[in-house]
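Only one structure is covered here, and it is reproduced in the block below.
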Amino acid sequence: MSAFLSDGGVELRAVERNDLELIRAWRNDPELRSRTREWKMLTSEDQSRWFERITRSDRVDHMFVVTHLGAPIGVVGLCGWNTHDRHAEISFYIGERESRGQGLMKIALSLLITWGFQQGLHRIWAEVYDFNVQSENLLERLDFTHEGRQLQHAFRDGRFVDSIMMGRLAHD
C-alpha cells in the first residue's frame, strides 16, 4: 500500500486487514498495554471490530500504520474527531522495540499533526499517564502544553495513576 503521508523514511499509511494480527500483538504487549487504555488482552474478534470501526466512511478515528524503510513499526491516529468543535485526541505507539528511541515517532506525529490541522482541526489533545515520562516529553517537544491533571484517573499495574492532559492549538 502506498504512503498516505511521508517524510521519505517514515511513512503513514492506512491500516489494512492483514496488519491486524501484528497490531494485536503490539497492543497485547504488557509493557505497551500498561501505557495505554488497553486493560485486557485483545482477541482477534476485538481487532476485527476495531478495524471495522476505523474503516467506516463515517469514522471518527483516523488510524495509520507507521512504517520506517517500508517495515511497519507502530500506529498513530487522531481519535474521536469532532467536526463541530474541531478537536481530536492523538494516539501513538511504536510496537517494534528495536525502533524505539530513534526519533521515528516524533517524525510520524509531526506528519499527523500537520495533516490534522490542515484538515481543519483547531485543537489536538492527549492523555498521558503520569509515569509515562517518555510520551510526555515527546509531546512537549511537539509543542503540546500541560492543560491539567486528573487525579488517580486510571488503574495500572495494581495502583491508581494520574492522567496528564496536554494539548496543542492550530496556531501554536
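The values are calculated or read from the model by the stated rules, or taken from the named source; none is laboratory data. Note that the structure is predicted; figures quoted are calculated from it, not measured. Please note: Cβ atoms are built from the backbone with ideal geometry, for glycine as well, and neighbour counts cover all protein chains shown. Each accessible area value is taken on the protein alone, full model and side chains, heavy atoms only, with ligands, DNA and RNA left out. Shrake-Rupley method; radii C 1.70, N 1.55, O 1.52, S 1.80 Å.
What are the pairs, 6+ residues apart or on separate chains, where a residue within the stretch 25-45 that is touching a residue at least 12 places away in the same chain (Cβ under 8 Å) has its Cβ under 7 Å from a residue that is open to solvent by 70 Å² or more (accessible area, probe 1.4 Å)?
If the second residue must be open to solvent by 70 Å² or more (accessible area, probe 1.4 Å), the pairs left are 28/41; 34/157.
Where the second residue is of a type in the set (Ser, Thr, Tyr) and open to solvent by less than 60 Å² (accessible area, probe 1.4 Å) and the first is in a loop (DSSP other than H, G, I, E, B) and lies in the stretch 5-18, which pairs have Cβ atoms under 9 Å and are six or more apart or on separate chains?
Taking only residues 6 or more apart or on different chains, the pairs are 7/110.
Hey, any hits in the stretch 68-87 for a residue that's touching a helix residue (DSSP H, G or I) at 6+ places or on another chain (Cβ under 9 Å), small (Gly, Ala, Ser), open to solvent by 20 Å² or more (accessible area, probe 1.4 Å) and under 25 Å from residue 33 (Cβ atoms)?
Looking through the stretch 68-87, at least one residue is touching a helix residue (DSSP H, G or I) at 6+ places or on another chain (Cβ under 9 Å), small (Gly, Ala, Ser), open to solvent by 20 Å² or more (accessible area, probe 1.4 Å) and under 25 Å from residue 33 (Cβ atoms).
Within the stretch 21-36, how many residues turn out to be farther than 29 Å from residue 153 by Cα and buried (at least 16 other Cβ atoms within 10 Å of the Cβ)?
The qualifying residues number 0.
Just to verify a result, which residue in the stretch 108-136, among those that are farther than 12 Å from residue 171 by Cα, outside any helix (DSSP H, G or I) and not aromatic (Phe, Trp, Tyr), is most open to solvent (accessible area, probe 1.4 Å)?
Here the answer is 119.
Cβ-Cβ distance below 8 Å, separation of 6 or more or different chains: which pairs start in the stretch 94-109 with a residue that is over 18 Å from residue 34 (Cβ atoms) and end on one that is not hydrophobic (A, V, I, L, M, F, W, C)?
From residues that are over 18 Å from residue 34 (Cβ atoms), the pairs are 99/68; 99/74; 104/68; 104/74; 106/141; 107/7; 107/9; 108/74.
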